[in-house]
Structures are given as structure tokens and as C-alpha cells.
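Structure first, then comments.
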Amino acid sequence: MASVLSPTRWLHLATTALLLTTNPAASFSTSTPQNNNNRCSTTSLSVASTPPTQTSTPYDTVKVDLSSGRDYPIYIGSDFTDTEAATLIRKHIHGKRVLLITNDRIAPLYLERYQQLLADNSVDDKELVVDTVVLPDGEENKTYDVMAMVLDKALGLGLDRKSTFVALGGGVIGDMVGFASAVYQRGVNFVQIPTTVMAMVDSSVGGKTGVNHPLGKNMIGAFHQPQCVFIDTNTLNTLPDRELKSGISEVVKYGLIRDAPFFEWQEENMTKLLERDPEATRYAIRRSCENKADVVQADELEAG
């Protein structure tokens with residue numbers, strides 16, 4: 001059963017989330033009146049968080065438990081070396097061809113790095129050919145025509161069903177690349193590398209993919225789960241403050257709706273999150289992913 005918050009705490013947290021989303025310059029208090037008779041409770045999560053096993057950089061692993069052997073990990077850390085990132089991501093790539101897709105906002109920041117580390121065969125002796133596609137940025141470009149640029153590139157390169165698509169960017173890129181991978185040759189593998197808080201804690205987890213239509217948002221799409229989600233919180237260092245706060249509002253919602261102890265932690269650590277403290281950020285993303293993974297496990301296809 002989901003956690004229950006007192007009306008006072010509901011109002012406080014909802015106001016905080018609204019301020020984060022609508023007013024990037026807003027200041028607010030993270031304290032609320034204490035009432036020991038209204039302490040919150042939470043249920044245990046049916047997901048796993050594991051210590052680092054393959055790199056010297058500390059990171060967390062949250063497992064998304066699904067049926068039919070479709071489980072996948074979410075790796076969460078910061079300051080990954082190229083070798084460490086390559087080791088974690090490449091083991092989820094089973095063919096010899098990779099199509100790395102990003103947008104024209106992210107490409108100057110991270111495309112070259114990820115193209116090179118994905119092609120680095122020094123970690124496993126597996127030869128990979130990594131091609132790239134750069135799409136226009138923005139929600140207004142989350143359309144079938146723009147998504148078709150990925151399909152056009154894949155067909156032009158002659159990619160087969162063993163190929164892997166890799167989404168590098170925020171929610172728009174993740175949704176479009178996921179959908180492209182779902183329909184290309186009736187389904188190929190894909191990997192999520194989210195670069196925004198919103199994508200890290202929500203859209204990259206759960207397999208919801210798609211594009212917008214003039215008559216409705218996200219009305220054309222498919223459920224298609226990734227092979228893994230790789231989160232390097234260092235990418236948030238280049239995220240504008242408004243987008244950071246918008247993503248934190250999604251983190252706040254997990255505490256508001258289903259994880260009261262997490263909400264209490266947020267009250268004590270909101271300043272650290274807004275200041276992009278690495279440890280606080282990593283914990284908040286991990287806890288959010290645990291909540292999202294639990295929701296996905298319980299109702300993967302949102303059947304209600």
C-alpha cells in the first residue's frame with residue numbers, strides 16, 4: 001500500500017514541486033510543522049540496489065524486474081572514466097553495429113566521448129562499429145518525421161536485427177529512439193543514456209516510447225524495454241537551472257505519492273539537490289528509480 005501523508009505535508013510538498021517547475025528563481029523553506037501522530041510509512045520496494053562490482057568509481061545498480069528474462073539494470077554514478085562507462089554499457093550490446101542517437105544540443109557536449117567509448121574494444125575485445133545520428137532538439141521535433149531520420153540512417157547503413165540503438169539525451173530523444181528501435185525490423189535492442197533529471201528518474205525507465213501527433217501527445221508509440229539504463233550524473237552539470245528544478249519536481253512527486261521517508265530526506269537535503277551535490281543527487285536518482293522500477297514491475301503496460 002502506498003504511503004499516506006498528512007494534509008499539511010501534502011500541501012507543503014505540492015507547493016514545493018510547483019515552485020520548482022514554474023519559478024526557477026523561487027526560494028522556499030524545506031521545513032514543515034512536525035506532528036508525530038501523522039508520521040508516514042512506506043512499503044518495501046521489490047527492486048535491488050547493489051554495490052559497485054566492476055569499477056573503482058562508486059555506483060548503484062537498480063534492477064527492473066520483469067518477466068520472461070527481460071530484467072535490466074539501471075547504473076547510477078558520477079565521474080565514470082571512459083573505460084568504466086564502456087565496461088558497463090558494452091556488455092549489453094550483443095551485435096557488432098551500434099547507432100548512437102542524440103540531438104544538436106547534446107552533441108557538442110557528449111557525442112564524441114560516447115562514440116569513442118562505445119567503440120573501445122580494449123575492455124572486451126569485441127569489435128563494434130558505432131555510427132551516429134544528430135536530431136533537432138525540442139519537444140516540437142518529437143514527431144514521426146524526425147524519428148524517421150533514425151530509421152532512414154539505419155536502413156542506409158544496412159543495420160540488421162542484432163544492431164543496438166543508443167539514446168543519448170533527455171526524454172524526447174529517449175522516447176523517439178526507443179520507438180525507432182521498437183519498429184525497426186520489428187524490434188532491435190536499445191540502451192538509454194539519459195542526460196536530464198526528468199529522463200533519469202522517469203522517462204528512461206519503464207519502456208514507454210513514442211512520438212507526438214497533432215491530435216495528441218505521445219499517442220503514437222510502443223512499450224519497448226531497454227537493455228540497460230546508464231546514468232552519469234556529471235551530465236547534469238551542463239543542465240540549465242530551470243530544467244534541473246523541473247526534474248527535481250518529479251523526484252518530489254515520488255515522495256509525495258508513495259515514499260514518505262524519501263520525502264523526509266528531501267526536506268533535509270533540498271538545498272544540496274539544488275546545488276547539484278553529487279552524493280545527494282546520486283541518492284535521489286537511485287531512490288526515484290527504485291520507486292519507478294517498482295511501479296513498472298507491478299503494471300508494465302499500464303493496464304490499471
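Values in this text are rule-based calculations from the coordinates and carry no lab data. Values in this document were obtained by computation on a predicted structure and should not be read as measured data. Reconstructed Cβ throughout: ideal geometry from the backbone, glycine too, with neighbour counts over all protein chains shown.
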**Study point:** Proximal charge balance of Val201 [Cβ under 11 Å; K/R count +1, D/E count -1]
**Key:** +1
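Please report, in cubic angstrom per residue, the volume enclosed by the convex hull of the alpha-carbon atoms of segment 162-260.
Looking at segment 162-260, the number lands at 116 Å³ per residue.
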**Study point:** Rg [Å, one decimal], Dmax [Å, integer] - segment 219-304, C-alpha atoms
**Key:** 14.3, 41
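Order 261-268, 116-123 from most to least packed using the mean count of other Cβ atoms within 10 Å. Display every interim value, and only then the final one.
Working: 261-268: 18.0, 116-123: 16.1.
Highest-to-lowest ranking by the protection proxy: 261-268, 116-123.
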Check your understanding: How large is ³J(HN,Hα), in whole Hz, for each residue of segment 207-214 in order, when computed from phi with the Karplus curve 6.51 cos²θ - 1.76 cosθ + 1.60 and θ = phi - 60°, using x for Gly and Pro?
Key -> x, 7, 10, x, 9, 8, 10, x
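Multiply the residue gap between Ser67 and Leu274 by 0.36 nm, knock off their C-alpha separation, and tell me the result in nm, one decimal place. The partial results should precede the final answer.
Working: separation 207, 0.36 × 207 = 74.52 nm, distance 3.70 nm.
Full extension of this stretch gives 70.8 nm more.
Where both residues lie in segment 132-283, what percent of DSSP beta bridges are antiparallel, nearest 5? Mind dumping the intermediate values first?
Numbers: 5 of 12 bridges.
Of the beta bridges lying entirely in segment 132-283, close to 40 percent run antiparallel.
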Check your understanding: So what's segment 56-154 giving for Rg/Rh, alpha carbon basis, Kirkwood Rh from the mean inverse pair distance?
Key -> 1.00
Exercise for review: Give me the net charge of Asn212's neighbourhood, meaning all other residues with Cβ under 10 Å from the Cβ of Asn212; Lys, Arg count +1, Asp, Glu -1.
Suggested key: -1
Exercise for review: Take every Cα-Cα distance within segment 121-215, group them into 5 Å bins from 0 onward, and report for each bin the whole-number percent of pairs it holds.
Suggested key: 3, 13, 24, 24, 18, 11, 4, 1, 0, 0
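Normalised by the residues of segment 169-304, what does the relative contact order come to in percent, with Cα pairs under 8 Å and at least six apart?
Numbers: 187 pairs, mean separation 32.7, N = 136.
RCO, segment 169-304: 24 percent.
Please report the relative contact order for segment 187-240, taking Cα pairs under 8 Å with a sequence separation of at least 6, and give it as a percent rounded to a whole number.
44 percent
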Exercise for review: Using only the C-alpha atoms of segment 169-225, find the volume of their convex hull and express it per residue in Å³.
Suggested key: 69 Å³
Review point. Given Cα pairs under 8 Å that are at least 6 residues apart, what percent is the relative contact order of segment 233-304?
Key: 31 percent
Exercise for review: Consider just the alpha-carbon atoms of segment 127-181 and return their Rg together with their Dmax, both in angstrom.
Suggested key: 11.1, 37
Check your understanding: Label 7 Å along Cα→Cβ of Tyr144; segment 161-202 residues with amide nitrogen under 20 Å?
Key -> 172-188
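By the scheme Lys and Arg +1, Asp and Glu -1, what is the net charge of all other residues having a beta-carbon under 15 Å from that of Gln185? Each step should come with its number before you reach the end.
Values: positive: Arg97, Lys153, Arg161, Lys162, Arg186; negative: Asp152, Asp160.
My count for the surroundings of Gln185 gives +3.
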